[in-house]
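Chemist: Below is one structure. I have some questions about it.
The values are calculated or read from the model by the stated rules, or taken from the named source; none is laboratory data. Note that this is a predicted model, so its numbers are computed, not measured. Here the Cβ is made from the backbone with ideal geometry for all residues, glycine too, and neighbour counts use every protein chain on show. Surface accessibility is based on the protein's heavy atoms, side chains included, excluding ligands, DNA and RNA. Shrake-Rupley method; radii C 1.70, N 1.55, O 1.52, S 1.80 Å.
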Amino acid sequence: MILTRYLIKDIFSHTASVSLVFLFIIISSRSIQYLEQAARGEINPEMVFWIMIFRIPEFIELLIPFSFFLSIILVMGRLYAQSEMTVMEQIGLSFSRILSLLLSIGIFFAIITSILSLWLTPILNQEVDKLLLEKTLEDNFKSIQPGKFHRFENKAIIYAKEKKDQSLQEVFIKPLDLNNEAKSFISAESLNLKEDSLNSLVLNQGVIFEKNKENLQKTSFNKLIFNLGETKSDRQSSLDTESLSISKLQWGISIPLLCIISVLLATPISQLRPRQGRYVKVVPGIIIFASYMGLLILFRGWMEQSYINIFPGLFTVHFLFFILSVFLILRTRRFKLNL
């Protein structure tokens, strides 16, 4: 019982330490990227802080499997290098018992990451997208200068004679279709943002002129809501909604699975021969984990582009590394029996 608590404490402390170090590195690097985008005018500088706060759970869900994997290699490597594992095995703490203990910790981390990947992260990502869309539209609207033609969100060309407070006066609009062609134009007395919508403009007291074959139709209105519609990324996403939704679901399931299979990979990898250094297996372990994660990201991209079938999809990668882990465990057991 004491040895079990000792091992659990070591695993958790190493996992937390590695996670905090890499979380600081990721937050620093991503903050620099967002600040560069803000300097180029691509995003509002005021949003950088909130974007980073909302992205932290997404960073954590990816860091937990890696930190847990690396902590197993570090802790087990130290136990083997200092001959503590030999003492543990002699008093009954066998390889199978250690593996089952690590699997129980892996299941705990799998539950944590499943909450993050399947519930919290999607909600926060939607908030980030909503925040960016709202601020981008508002900033673009504020940038419209009277007396100049302005291309607005690639959806319309807007001209305003003057600007009063948050409203444009004597407005001329030419809506653009997907081919950037204008088949109609709108004239209105005023234009302002719709407060309860993220992608709509409100026009007051105007006329719509629309070309219909050889005739020009004229329609008057008191109030018109001009919906900017989907963005380019939204149109791309709508091309294959089923593939995207399933790939996101499989990715959400993949992170918890990664925690469990990481145990099966790290435990045999961490075994050291006599007189080997405790850090010998760190680099090979990182290479294997990076290959695992890299293939998951690659397969996710292929699924979203419909290059591969949605089933088995990401589970193909998990199956391959599960087979690899079984092979490594059997080889480790065979090595122990030959000692």
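Chemist: Sort 61-73, 304-316 by packing, meaning the average of other beta carbons within 10 Å per residue, with the highest value first.
Modeler: 61-73, 304-316
Chemist: Carbon-plus-sulfur fraction of the accessible area of region 62-124, 1.4 Å probe, in percent?
Modeler: Heavy-atom surface of region 62-124 belonging to carbon and sulfur, 1.4 Å probe: 71 percent.
Chemist: Assuming R0 = 25 Å, can you tell me the calculated FRET efficiency for the pair GLU189 and ARG151, based on Cβ-Cβ distance, to the nearest 0.05?
Modeler: Working from the Cβ atoms, E equals 0.65.
Chemist: Then there's this: Between LEU120 and SER28, 0.36 nm times their residue separation minus their Cα-Cα distance comes to what?
Modeler: Value of the extension gain: 30.9 nm.
Chemist: Right, something else. Can you figure out the FRET efficiency of VAL282 with GLU127, using R₀ = 56 Å and their beta-carbon distance, to the nearest 0.05?
Modeler: Plugging the Cβ-Cβ distance into 1/(1 + (r/R0)^6) gives 0.90.
Chemist: First measure r as the distance between the Cβ atoms of SER167 and ALA290, then evaluate 1/(1 + (r/R0)^6) with R0 = 35 Å and state the FRET efficiency to the nearest 0.05.
Modeler: The formula returns an efficiency of 0.05 here.
Chemist: Could you pull out the trypsin sites (Lys or Arg not before Pro) across region 268-301 that fall in loop regions by DSSP (anything but H, G, I, E, B) with no more than 13 other Cβ atoms inside 10 Å?
Modeler: Those that pass, being in a loop and sparsely packed, are ARG275.
Chemist: How do TRP302, TRP251 stack up against each other in accessible area, from largest to smallest, with a 1.4 angstrom probe?
Modeler: TRP302, TRP251
Chemist: Can I ask one more? Just subtract the alpha-carbon distance of ALA38 and ARG331 from 0.36 nm times their residue separation and send over the number in nm, one decimal.
Modeler: Extending this stretch completely gives an extra 100.2 nm.
Chemist: Let me test this: with uniform point scatterers at the alpha carbons of region 1-114, what is the Debye-based log₁₀ I(q)/I(0) at q = 0.12, 0.15, 0.23 1/Å?
Modeler: Rounded to two decimals, the profile gives -0.55, -0.72, -1.22.
Chemist: Quick one: order LEU20, LEU93, LEU118, LEU257 from most to least accessible surface, probe 1.4 Å.
Modeler: LEU20, LEU118, LEU257, LEU93
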